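Below is one structure, written out as structure tokens, with a few remarks after it.
The values are calculated or read from the model by the stated rules, or taken from the named source; none is laboratory data. The model shown is predicted, which means the values in this text are computed figures rather than measured ones. Every residue, glycine among them, receives a Cβ derived from its backbone with ideal geometry; neighbour counts consider all protein chains shown. Each accessible area value is taken on the protein alone, full model and side chains, heavy atoms only, with ligands, DNA and RNA left out. Shrake-Rupley method; radii C 1.70, N 1.55, O 1.52, S 1.80 Å.
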Amino acid sequence: MRIYGKKRALKALTDFSQSGRMPHALLLYGPRGIGKHTLADYAAMMYMCEKHGDSPCMECNECRRTESHIHPDVLYPLRDMSDNGKYNVDGLRQFIADCYIKPNDGDVRVCVFEKLDEMLPQHQNTLLKFIEEPLDFNRYIFIAEKKSPILQTVLSRVTALEVDGAGESEFTAALAEKDIPADRAAELYERFAGNIGAAAAFAENGEELGYVTAALKAADAIASRNETACLTAMLSLKSREELFEALGILSDIFAAAAGKRGGRAVSGAYRTQAEKTARSLPLRMISRLYDESVRLYGKSYANPNLRLFAGECCGAFFDVIYG
Ligand SMILES: [Zn+2]
């Protein structure tokens with residue numbers, strides 16, 4: 001396993017380990033493609049490794065079985081849910097009951113909960129009792145794109161680490177492994193900043209991810225105060241999942257634009273749109289756009305009517321612009 005980027009998150013993990021304070025519950029969060037699952041594998045190896053060093057040896061039986069996802073004590077409950085890719089109460093309860101039994105092979109069991117931000121609040125509550133009174137032999141790794149849909153009560157019981165992207169040289173090296181040449185990688189770096197997975201998916205599929213295009217067009221339209229263009233962009237989204245992703249990108253853009261207005265340099269993905277937003281709109285407005293995007297993001301998974309909700313999103317953004 002070779003890990004590109006994620007320097008801040010890796011350093012935090014190493015620091016925990018060195019000081020003997022590796023948390024029982026970790027939350028790894030960041031955008032799609034940034035490498036959360038790779039880092040989760042790495043963290044799971046830290047818990048499991050036979051050598052108990054500050055970083056996993058990646059060679060022992062425990063590390064190798066963890067990396068290959070065949071370790072009987074490193075569990076991915078979402079993959080076993082009956083409800084195709086979604087958590088359900090019965091599946092969660094069964095999983096939790098099984099975790100009260102001691103691990104199969106060693107002293108420790110690692111439960112990797114993917115897509116925590118897509119878990120409904122009632123399911124998060126089911127989980128809460130489980131992580132509130134941790135058993136000595138259980139460790140938890142949660143994975144999410146955003147923190148905002150996660151209940152505060154759950155957040156207060158986990159150690160959250162933002163998974164950061166790669167610097168340009170590591171980004172280029174990672175894409176070279178996927179046979180993407182350096183000049184192309186340089187273009188992609190500008191576009192996707194350190195997000196290797198998103199850039200590779202874009203380069204390999206040969207087409208733009210629809211929701212990225214839509215989100216960038218919507219951000220442009222908001223910065224140019226063009227409500228019709230914003231609505232056109234939002235209506236081009238084809239599913240609830242796409243709308244969810246697009247709102248996530250918009251909230252990232254507004255957060256970066258607010259930072260820029262506050263004097264911070266804009267790094268990361270979507271720099272062009274963030275800078276344009278910062279140039280075009282006052283900070284007060286950008287902050288409210290951010291709040292609205294987070295609120296709508298939280299709502300987007302429950303909302304059944306795509307077109308109505310796309311319209312509601314635009315309406316909310318332009319209420320901020322005109323209000
Ligand atoms: Zn090892």
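Which residues' amide hydrogens lie under 5 Å from the amide hydrogen of VAL110, considering only partners 5 or more residues apart or on another chain, with H built in the peptide plane?
VAL74, LEU75, ARG139
Expressed in nm to one decimal, what extension gain is obtained for the pair GLU133 and ARG32 from 0.36 nm per residue of sequence separation less their Cα-Cα distance? Don't skip to the end; give the middle numbers.
Working: separation 101, 0.36 × 101 = 36.36 nm, distance 3.07 nm.
Result for the pair: 33.3 nm of gain on full extension.
Leaving ligands, DNA and RNA out of it, report the carbon-plus-sulfur percent of the accessible area of segment 7-162 at a 1.4 Å probe.
Working: 3620 of 7640 Å².
About 47 percent, which is the carbon plus sulfur part of the accessible surface.
Counting only heavy atoms of the protein chains, get the accessible area per residue of the chain (1.4 Å probe) and round it to a whole Å² value. Don't skip to the answer; put the middle values down first.
Working: 15250 Å² over 323 residues.
Counting only protein heavy atoms, the per-residue value for the chain is 47 Å².
Placing unit charges on C-beta atoms (Lys and Arg positive, Asp and Glu negative, everything else neutral), compute the dipole magnitude of segment 167-207 about its Cα centre in debye, rounded to 20. Write down the numbers at each step before the final one.
Numbers: 3 positive and 9 negative charges, 13 e Å.
With only Lys, Arg, Asp and Glu charged at Cβ, the dipole is about 60 debye.
Take the alpha carbon gyration tensor of segment 186-323, find the square roots of its eigenvalues, order them as a ≥ b ≥ c, and report rounded if a/c is under 1.5; if not, report prolate when a/b exceeds b/c, else oblate. Could you put the intermediate results ahead of the total?
On the way: a/c = 1.78, a/b = 1.07, b/c = 1.68.
Oblate.
Farthest toward the dipole's positive end in the chain, which of ALA201, TYR100, ALA12, given Cβ charges of +1 (Lys, Arg) and -1 (Asp, Glu) about the Cα centre?
Of the listed residues, the answer is ALA12.
On average, how much area does the Cα convex hull of the chain cover when viewed from any direction, in nm²? All intermediate terms of the calculation are to be shown ahead of the outcome.
Details: hull surface 68.7 nm².
For the Cα atoms of the chain, the hull's average projected area reads 17.2 nm².
Sorted by packing (mean other beta-carbon atoms within 10 Å per residue), highest first, where do 305-316, 12-23 land?
Numbers: 305-316: 16.6, 12-23: 14.6.
Answer by packing, highest mean first, reads 305-316, 12-23.
With all protein chains present, how much of the accessible area of segment 167-207 (probe radius 1.4 Å) comes from carbon and sulfur, to the nearest whole percent? Present the calculation step by step, with values, prior to reporting the outcome.
Numbers: 960 of 2050 Å².
Accessible surface attributable to carbon and sulfur in segment 167-207 totals 47 percent.
Let me spell out the model: positive unit charges on the Cβ of Lys and Arg, negative unit charges on the Cβ of Asp and Glu, origin at the Cα centre of segment 210-322. What dipole size does that give, in debye rounded to 20?
Values: 15 positive and 11 negative charges, 65 e Å.
With Lys and Arg at +1 and Asp and Glu at -1, about 320 debye.
State the percentage of accessible surface on segment 235-274 attributable to carbon and sulfur atoms; use a 1.4 Å probe and exclude ligands, DNA and RNA. Spell out each step's value before the answer.
Values: 770 of 1700 Å².
Carbon-and-sulfur percentage of accessible area, whole number: 46.
Sequence neighbours fewer than 8 away in the same chain don't count; with that in mind, list the lysines whose C-alpha is under 30 Å from LYS102.
Once the sequence-local lysines are set aside, what remains near LYS102 is LYS36, LYS51, LYS86, LYS115, LYS129.
Counting Lys +1, Arg +1, Asp -1, Glu -1, what net charge surrounds TYR140 among other residues with beta carbon under 10 Å of its beta carbon? Kindly include the intermediate steps, with their values, before the conclusion.
Details: positive: ARG109, ARG139, ARG157; negative: none.
With Lys, Arg at +1 and Asp, Glu at -1, the neighbours total +3.
By how many degrees, 0 to 90 and rounded to 10, does the Cα axis of helix 89-98 deviate from the longest principal axis of the chain?
It is inclined by approximately 30 degrees.
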